[in-house]
Structure formats: structure tokens, C-alpha cells
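All remarks here apply to the structure that follows.
The values are calculated or read from the model by the stated rules, or taken from the named source; none is laboratory data. Here the structure is a predicted model, which means the values were calculated and not measured. Note that we place each Cβ from the backbone using ideal geometry, even for glycine, and neighbour counts take in every protein chain shown. Accessible surface areas use protein heavy atoms only, side chains included; no ligands, DNA or RNA. Shrake-Rupley method; radii C 1.70, N 1.55, O 1.52, S 1.80 Å.
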Amino acid sequence: MALIGRETEQDRIRTTLEDLPAGRGGMLLLCGEAGIGKSTLARWAADVSAGQGIAVHWGVCWEAGGAPAYWPWTQLLRSLLTTDADGGIERLLRASPALLPLLPELAEAGAPPARIQADQARFQLLESVRTLLHEAGQARPRLLLLEDLHTADSDSLLLLQYLAPHLNALPICVLGTFRDADARLSGRAEPLWHAARGAEVLHLDGLAERDVDALLRQLAGVSGTPRQVHSLWERTDGNPFFLTELIQLGAGDGRALVPDSIHQVIRQQCQYLPDAT
């Protein structure tokens, strides 16, 4: 399915991906409200990357609790191992004890834990990940996708902050998504803001009114009247998720009831408002 709108963001992502074979990477952060299309744009970037021979690796943050520290990075490193044709990445992982918190399955049975200071151990882990990504990038340019960073643990965000200034010299693009309103209310998002200083932040707003008719044709196979298009756009503020839900309910006239899926998103956003509001 073709991506509608987001021409500026598509161009910026394409430019970054085209620079990867020359060893010039970077960090792009997609932010915006729920349903605004961050994940859709990330999936589009993954498809474009795969078509250009760029390896794609995903890490998804978990907001319900219980996930270990560095969980999205653990997912990424495990994904790297699946593309490790000559075993070089696994050998590097096994030779880097500092990385065991991310991949405990590589620890040798009965091996005693290293006895070093906590701050020193953390720095060794951060630097070991940078070294690993450098080696992985020599084999093939890579796109690392990190979803829902507003729910990430502080250790994962610190690693993101550490890598941000190094990516310009690596054939690696880190593409992260987060809800900026949620991140501002989080007590552990400070490293995310530090990382953003070394990244390009693309803030996604609602689709333009001209894109609503294109979405109608794509989802419903019909073109809307100017009145229908304007009604949908005005009612949803161009939010692609809201638009999709209403169009699929046949709400081209903009008068249908709000579906439960949209109610859930609205309730989620309202929980951050003061009681009086």
C-alpha cells in the first residue's frame, strides 16, 4: 500500500539511507501524537531499505512493565545475529563480556561475573555496542528501528544518547519513534532529549486536506466530494489513524459515531490532563 503524504519526511529518510553505503549514517527521530503515522513511516523506511540491500533490524519497547533493561537493544542484537553469515558478529559478542547484560544467553555456564565498578561496567557496555555496530556496518549498511521510545527504560535511552554522536561515521541509521507528549511526562526520558540534540527530529502533524481524498480512494475505492473531504479532515485534524477508522466505517460524510478504537486513543491522551480539564 502506497504511503500517502509525508513527502518531506520521505525525502529526508531516503537521503539518509542513500548515504549509508558511503559510511555516513545518522539518527532520525519521528515524534508526534498517537495515530499520527510514526509506525507507518517506519515500516515504509524498512521496505525502502530492504529494496536497497540495507539490512533492517527492529527493537520494540514494552510499556506494560517487566521487561529487562536494554530490552529493545537486546532484540536488535539478536536480529543482527540472524544475518551473521560468517559468524564474525557472534565471535565479537562472545569476546565482549560487557555485552552479557544485553545477551545473557551468550554467557558461559558457571562463568563468574566481572568485578568492576557499576559506572565503568556501563561505559564498557556502551562502547562495546558502538564497536559491535561498527563491525556489523562494515559487512553491510544497516537500519536500526526502535519503536515507542517514550516507554523505553532509562538504560536503553542512555545507550541511544551515547550512540547519537558516533553515527555520522558509521554506515548505520537509527530510526526511532516516540510520542513527545508522553516522553515529556516520563520521569526517565532525559537521555532521549539529549539524544535528540544529536539527531534530526521529524515532528509529524496531521495529513493535509488534499491527502484525505487520496486516502479515501486508497481505502474505499471512491473519491469524496469536497464537502466530505473537508468534513473528515476537520473532524480528525488529519490524524491518519482516526481517518482510516472513520473511512473504513463508511463515514465519508463525517457524521458516523466515533468507533471504540478511537475512543481508546482519546482516553489514553486524556489521562494526562488535569482533572478540572
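Tabulated data
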item: Matching residues in the range 88-105 - criterion: being closer than 19 Å to A139 by Cβ and either of a type in the set (K, R) or not in a helix (DSSP H, G or I) (or both); result: R91, R94, A95, S96, L103
item: Residues being within 19 Å of E33 (Cα to Cα), of a type in the set (F, W, Y) and over 14 Å from the mean Cα position of the chain (by Cα) - total across the range 153-202; result: 1
item: Residue within the range 27-50 that is within 13 Å of I172 (Cα to Cα) and either among the β-branched types (V, I, T) or assigned to a loop (DSSP other than H, G, I, E, B) (or both) present; result: no
item: The range 32-45, residues that are open to solvent by 30 Å² or more (accessible area, probe 1.4 Å) and closer than 17 Å to L146 by Cβ; result: S39, T40, R43, W44
item: Odd one out for L93 among (1) over 30 Å from F123 (Cα atoms); (2) open to solvent by less than 10 Å² (accessible area, probe 1.4 Å); result: (1)
item: Residues within the range 128-154 that are of a type in the set (D, E) and modelled with pLDDT under 95, tallied; result: 2
item: Residue, surrounded by the most Cβ atoms within 10 Å (Cβ to Cβ), within the range 51-87, restricted to residues that are assigned to a helix (DSSP H, G or I) and touching a Leu at 6+ places or on another chain (Cβ under 8 Å); result: P72
item: Those residues of the range 4-22 which are more than 26 Å from A139 (Cα to Cα) and in contact with a strand residue (DSSP E or B) (Cβ under 6 Å, 6 or more places away or on another chain), in sequence order; result: E9
item: Enumeration of residues in the range 33-75 that are among the hydroxyl-bearing types (S, T, Y) and touching a Pro at 6+ places or on another chain (Cβ under 9 Å); result: T40, S49, Y70, T74
item: Complete set of residues in the range 1-31 that are open to solvent by less than 70 Å² (accessible area, probe 1.4 Å) and of a type in the set (D, E); result: E9, D19
